[in-house]
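Where a number appears in this text, it was derived from the coordinates with a stated rule and is not lab data. Fair warning: this is a prediction, and the values are worked out from it, not measured in the lab. FYI the Cβ positions are ideal-geometry reconstructions off the backbone, even for glycines, and counts take in every protein chain you see.
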Amino acid sequence: MAERKIPMRKCLGCNEMKPKKELIRAVKSPEGEISLDLTGKKSGRGAYICPDKDCFDKARKGKRLERALETKIPESVYDAMLDELKNN
């Protein structure tokens, strides 16, 4: 039996290609709400990031999430995402 292909995604913080299941997806819903998608199944535009505070800080500082999700992200949303990231 043939091996299954593992989907790879690039982390916005460290720019490394990693298996999709190792990363956390940030998603902008069709309504414009931005949140972390821990299941990877929410609809909307997504961007991937390592479940690591350093990668999150790099993506935040370089505004990489804003560019990937094509929207301005308020600081309060970043803080909520960081709290959610710490809890996992």
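Here is the list for the stretch 30-88: trypsin sites (Lys or Arg not before Pro) lying in DSSP coil, each with at most 13 other C-beta atoms within 10 angstrom of its C-beta, are Lys41, Lys63, Lys72. In this label model, Glu66 and Met8 are separated by 3.0 nm, measuring between points 7 Å along each Cα→Cβ vector. For the stretch 1-35, trypsin sites (Lys or Arg not before Pro) are listed when DSSP marks them as loop and at most 12 other Cβ atoms sit within 10 Å of their Cβ; the list is Arg4, Lys5.
The three principal axes of the C-alpha atoms in the chain carry coordinate ranges of 49, 28, 25 Å, sorted with the longest axis first.
Calculated [222 nm] ellipticity per residue, helices only, for the chain: -9000 deg cm²/dmol; basis is -39500 (n - 2.57) per DSSP H run with n ≥ 4, divided by all residues, nearest 500. Farthest toward the positive end of the dipole of the chain, out of Ser35, Ala2, Asn87, is the Cα of Ala2, where the dipole comes from beta carbon charges about the Cα centre.
The GluC sites (Glu not before Pro) of the stretch 59-88 meeting both criteria, a DSSP state outside H, G, I, E and B (loop) and at most 12 other C-beta atoms within 10 angstrom of the site's C-beta, are Glu70. A Cβ-based charge dipole, computed about the Cα centre of the chain with Lys and Arg at +1 and Asp and Glu at -1, lands at about 440 debye.
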